[in-house]
Structure formats: C-alpha cells, structure tokens
1. Give me B:W97, A:W60, B:W24 sorted ascending by neighbouring Cβ count inside 10 Å, so fewest comes first.
2. Points 7 angstrom from Cα along the Cβ direction at A:S230 and A:Y65: gap in nanometres?
3. Which chymotrypsin sites (Phe, Trp or Tyr not before Pro) in the stretch B:98-183 sit in a loop by DSSP (not H, G, I, E or B) and have at most 14 other Cβ atoms within 10 Å of their own Cβ?
4. In debye to the nearest 20, how big a dipole does the protein assembly as shown give about its Cα centre with +1 on each Lys and Arg Cβ and -1 on each Asp and Glu Cβ?
5. What is the spin-label model distance, in nm, from B:D274 to B:T116 if the labels are put 7 Å beyond Cα along the C-beta direction?
6. Across every pair of different alpha-carbon atoms, what Kirkwood hydrodynamic radius in Å does the stretch A:109-172 reach?
7. Which of the three applies to the stretch B:35-89, rounded, prolate or oblate, going by the alpha-carbon gyration tensor with a ≥ b ≥ c and a/c under 1.5 meaning rounded?
8. Check B:A159: other-chain or 5+ apart residues with amide H under 5 Å from its amide H, H built from backbone geometry?
Amino acid sequence: MDYLFEMLVLALTWALINNFVLHYFVGICPFIGVSRRVDMAFGMGCAVTFVITIAALLSWLITYYVLRAGAPLTTLLSGGKTLDLSILNYTVYIFVIAGSVQFLEMYIRKFFRPLYKAFGVFLPLITTNCAILFACLEIMKHVCAINDPLGGLVPSLVLAAFGGIGFMIAIVIMAGIREELDHCDVPKSLRGAGITLITAGILALAFMGFTGVDRGLQQLLQDKEQVAESAAAPAGQNN
Amino acid sequence: MTIIFVAGGIMLVLAIVTAIVLGWANVKFHVQVDPRVEAVMAALPGANCGGCGYVGCAEYAEAVVAGAITPDKCTVGGESCAKALAEIMGVSLQQSWPFRPVIHCGATYEDRLGRTEYKGEQSCTTANLVAGVQGCTYGCLGFGDCVRACDFDAIHVVAGLATVDYEKCVGCGACARICPRNIITMVPFKSRQMVVVTCSNKDMGKDVKAVCKVGCIGCKACERNSGGFFRIDKNLPVLDYDKYDPNNLDAIRVAVDKCPMKRLLFIGWPTEKDLEATKDLEAPDLVEADFKTTVDKTEWQG
C-alpha cells in the first residue's frame, strides 16, 4: 500500500507540480504550435503521452543495463571493469526516441489504421520533441543515482506517463484559452506566438500554486499511517 | 582507453540492432498503398500547411488519388505542383479562373432595420456573439474584420457594408476566412463581372421584410425565369458557378431583371460603360460607422 501511495504522489507530482511545459519549459514548440484548437491539442497530448511512455521504457532498459556505472552489459563487454557510459546519454536517447517513433509509426499504420489517421502528422513531429528527451534524462538521473527508490522501472514509467498526461493537461488548457482569445482584440504586435507565450507564463504562475502539494500529501499519508499504527497497537494488546 | 571502445561498440551494436528491427518492421508491417499516392506525396511540397483543406500533405495525396478533389488545390506548390500531380493522375487541368471574394449582403446601414447601439468591442467576431446588434442575423455587421484581415487594402466598409475593390484584390481569401457570418465566398470570375446573390438571409419573406429593406424574400422569381439556373434552397437562390457560362447569360439576365428586390447583381470590375456613366460624378465621401462608441479609434481597441 505504501508503494502504491508513493506512486500516486509521484504521478501527481509529474502531472501537475513538475509539469513539463509549465514548470520545466520543455516541449514549448508543440505547446505553441498545436494549441490552436482543443481537439488537435488533445490529439497531440495523447500522441506525446503514448510515445513518451514507450521511449521511457526503452531508455530505462538501456540506461539500467548499458549506460549507468556498473551496468551488467558494459561490465561484461569491458572484461570486468566498471565503466560509466552515461556520457553517451544524449546520443543514445535521441537515437532510441527516433527509432522507436519510426517503429511505432509503422506498427500503428499496419494494425491500428484509425489511430494512425487520428495521429496524422503529429507522430513524426514528436520525434524531435524535447519533452521526451527531457523525460529520458530525468529518468537517467534517478537510475544513475545510488540507492534511489525512484530508479526502478515502474516509477520511471509512472513519471513518463504522467509527465505526458501533464503535457496533455497543459496543452488542452492552453488550447481552450486560445479559442477564447480569438474573440479578443489583441494588439497587433502581440498576435500569435507573443500573446500565447504571455498566457503560458501566467498559466505557469497559476500552476506554481501546486508547489508543496506533494509534500503535504506525503505528510498526510504518513500521519494517517501513524494514527493507524497507534490504533492497531492497543488493539493487539487487548487480544 | 577501454571506455572509448566500449562506448563505440555499444553505439555500433545499438545502430545495428535498430537498423535490423526497423528493416524487419518495414517488411513485416508493409502496407500496400496505391503507388500513385506515393508519387503524389513525392511531388507535393510536404509543408503540411493545411492550405488545401486537408490535415496534411498525406491526406491531400490520398484524396487526390481517390478523385475526391482536383490536383490544383496545393497553394504552396503552385502551378508546377498541380501540373506534376495532374500528370501522375493522368488528368488534364481545367482552365482555372481567378477566385475573388464576393459579399452576399447588399444592405447598407439605411436598409437594415432593428439596429441598436452597440458599445462592445468593435469587431464583427464579438458583435456576432451578441444578440440584437441588428435585426438581420445573417447579413454584414460592418465592423470591418475583413478590412483588418486584408493585407492589400482591397476591402472597405462603405456605409456599413463590406465592399471589395477588385482592382486591388488578389484573391487570397483572408476576408472569406475571417468573416464570422460567412457571407464572403470566393467565386471563380469567369468574366469581369459575375452574377452574385447579394443576400444571405435564410428566413421567410415576411421575416426578412421585418429586418431589411432590400433582403431576398425567397419569391422564386429567379428560379422560374432562369430555366432552373437558380435554385431556391432555404429561401435563397443558389447558383452553380461550374455551369455559369459568361457567353450565354440571356436566361440569367431575365432573372436578374425580374428579381423584385434586385438582389441578383453583377459584381466585379467596373465595365467601360460604367466608368463612362460615372465619369462626371463626384465620388461620395466614405460613410463612417455611425455607432456611438466609448472607445477611441486607435488600432488597439481592447
């Protein structure tokens, strides 16, 4: 149960608090480019969530078995030496993301024709999405750290999937605002990307309000456990 | 030293594995597509701009091959692209006409009834969201969104009615896209002047009379007199510009003359006869919007 709560907090953290777009400012290009209409923004968000999870799975496998210091495969190859190959991170991740997107596109095209139509031009565009590279690097940070409880496969996948959902939340909110913005008389010099970036900044300020929610939640859960424990202890004595 | 070899080796292995997997997938997941689709894709610019009305170049290519749309709709590729596509498809391009906007409304401020003072933001898009700005919910609002959309100074609001200056217009279609009431359409100008239905009111005649002095009342006189060239659809005449022949306008001219509201007009570049007739006349001053507004007339009206 403890583990489940931890994952829940992690999911919440990456979906809302450490939002890719509004906290780390990665993935700005699709955020500005495809946020003109809500349905398109939702499609883009789905595609990013989908690809980011797959890319996270692959990059975790590679980081864990090949790249990190003392990874089993590298040790085997170098004849028992402990090597740190994390210098290769950018090259390998870009490689893996591009390859997996290509593969996914072919796979979806063959077996999920309607999905392929729905994703349309988004899927190839995602290849160069920095949010995905960022997720991979963030996962690498946890995997390479010693004794990090978040370095496992499941936390990495939760991080990536909910990071993608956070991206979707941000881009859909933005698209909703921009649809309304069409009715406003924006000064000429700010039209288009200008007003969108300003709006994104204000949106990011609003999302700052989530800061600390994760710690509060953890505190709450811990307190609950302590209460439960102290409640369980006398009950046990009575028996 | 080892690290270099190991790193290089791992990159090599990764590259080989990915290459094999992708190569295998390419064969295994191969989808049989019409080779013409691929040829059309190769001929298109690949800008994925959506200017043709489809989501991306791929969808447009499929539509072209399926015969759903003509091959000359790619604005980015232009004429050469259209030619290449026509060659792939084995069709010959039709003679293309210059598309120019026409305004399907003919009512100036004087003709419109039920107008009230509107103090909101001075744009058609916002005024269109508010009920009661004017009686007619179909016609031109006259706040000039189209004027602001035009990069060529080719459209102006004259006495509350958007009016196209065909000498300056290049047919980009920006005004047609911006108009919130969709009363501007792009028409193929097969001659210097085209017959246009200058009303958009789909209501019954009595209701139209209540909101407009000049609106189409759906009397079907044009349908009867033009031998079926005009067709009344939702109380408005509809004409098919594909069948429009500028050299054979007799039936249409009869219908134009018979129209009791004079809503069928020849619109376009002025003819020499018109210029001759109006040579001595003084051009009237432009009538400004007569709405009293609390906002000044600077560019930023927000």
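Values quoted throughout were computed directly from the atomic coordinates according to the rules given, and no laboratory measurement underlies them. It should be emphasised that the depicted structure is a prediction, and the values quoted were computed from it without experimental measurement. Positions of Cβ are backbone-derived with ideal geometry, glycine not excepted, and every protein chain shown enters the neighbour counts.
1. Listed from fewest to most nearby Cβ atoms, that is B:W24, B:W97, A:W60.
2. With each label point 7 Å from Cα toward Cβ, the separation is 4.9 nm.
3. B:F152
4. Working: 45 positive and 50 negative charges, 200 e Å.
For this selection, approximately 960 debye.
5. 3.7
6. Kirkwood hydrodynamic radius for the stretch A:109-172: 13.6 Å.
7. Note, shape of the stretch B:35-89 comes out rounded.
8. Result for B:A159 returns B:V287.
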